[in-house]
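Down below is the structure, laid out as C-alpha cells.
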Amino acid sequence: MARVIAICNAKGGVGKTTTAVNLGAYLASMGRRVLLVDFDPQANASSALGSDPLKTDKSIYHGIIKEAHPEHIVKPTMLFNFHFIPSAPHLAGILVEFVNLPEREHFLRKFLHSLRHQYDYIIIDLPPSLSLLTINGLIAADEVLIPVQTEYYSLEGIGQLLEIIGLIRKNLGHDLKVSGALLTMYDKREHLSREVAKNLRSHFPHRVFETEIPRSVALAEAPSFSKPIILYRPDSSGAEAYKRLADEIISQEAPKIEQSISTPDFGNFNIV
C-alpha cells in the first residue's frame, strides 16, 4: 500500500514542484515504485517530466471526473519505477464544477484508491493556494511535506497551513500527519538563511528535515530539459541534497510521525 505524501505550501516559489519531481526521482532510483500526481493547474511538474500541458489529451482532471480510467492517464518517465499523471490548465475548472457537490473534498482520494496497491509512494504536487484543489490533495494524502524557502515571508503561511491541517483532522475526520518541513533555496553564506533555518528548527512543532536544499543553478535549469536533476546533473549539490532527502523519507517508514499542531512560540521568528 502506497505512502501518499502531499507537497504543500500556500506560498508560491518555495520549491514545491522541484521537490515533488526530484524526491520522486530519487525514491525511484532507490528501488521504490513511485507515482507523481500533478494536481496544480499550472502543470509545472508535468512540464518538468516532458509533458506539454497545452497538448495533454487526458489529465488528472479527466480521471477524477471519471472520464478516463487511471491506466489511460498514467505516463512513464525516463526513470524505471517512476510514473506520473499530468495536469493541464482545465483542472482549475474543478473549483467551480465541484463547489456544490457532496463530499467534494474526497474526489482525488477516491480516484487514487485504485492505484495505491501498485506503488510504494504517491507524491501529490499541490497548487500554491488553500483552495478546493489543495483540500482534495490533503484529504488524499497520508501526510504532508512542507517546503520552506529560507526567507522571512515564506514563514508566514506555515501557521495558516498547520491551522488548515488541524481543521481537516477535526472537521473531516482525516488523520493527516506532517512528515516535516524542508528548507529550500538555502545559502549558508547568507545571514538570513541561517537565521530562518535556526528559528524554524527551534519553533516548528514537527520534524524539520536535516537535509537543506541549496540554491542551485542546475536545479533551476533541469526543468527546461524536461529532466529531474538525477538525469541532468547528478553531480550537483542540488542532486546530492535530494538524494539525502529521499534517504530521510525512507528512514521515516518505521518511526511514528510527530502529530502535534502548534506550540506557543511558533511564529515568533525574530530575524536579527
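A count restricted to the stretch 201-240 and to residues that are in a loop (DSSP other than H, G, I, E, B) and among the hydroxyl-bearing types (S, T, Y) stands at 3. Looking only at the stretch 230-246, residues that are charged (D, E, K, R) and in contact (Cβ under 8 Å) with a residue 40 or more places away in the chain come to 1 in all. Look at (1) among the polar types (S, T, N, Q); (2) at pLDDT 95 or above; (3) buried (at least 24 other Cβ atoms within 10 Å of the Cβ); (4) over 17 Å from H174 (Cβ atoms) and you find that N136 fails only one, number (4).
Of all residues in the stretch 140-188, those being of a type in the set (G, A, S), modelled with pLDDT under 90 and under 27 Å from H106 (Cα atoms) number 2. Of the residues S179, S193, the single one that is touching a Phe, Trp or Tyr at 6+ places or on another chain (Cβ under 6 Å) and polar (S, T, N, Q) is S193.
The values are calculated or read from the model by the stated rules, or taken from the named source; none is laboratory data. Keep in mind the model is a prediction, meaning the values are calculated, not measured. No Cβ is skipped: glycine too gets one built from the backbone with ideal geometry, and neighbour counts run over all protein chains shown.
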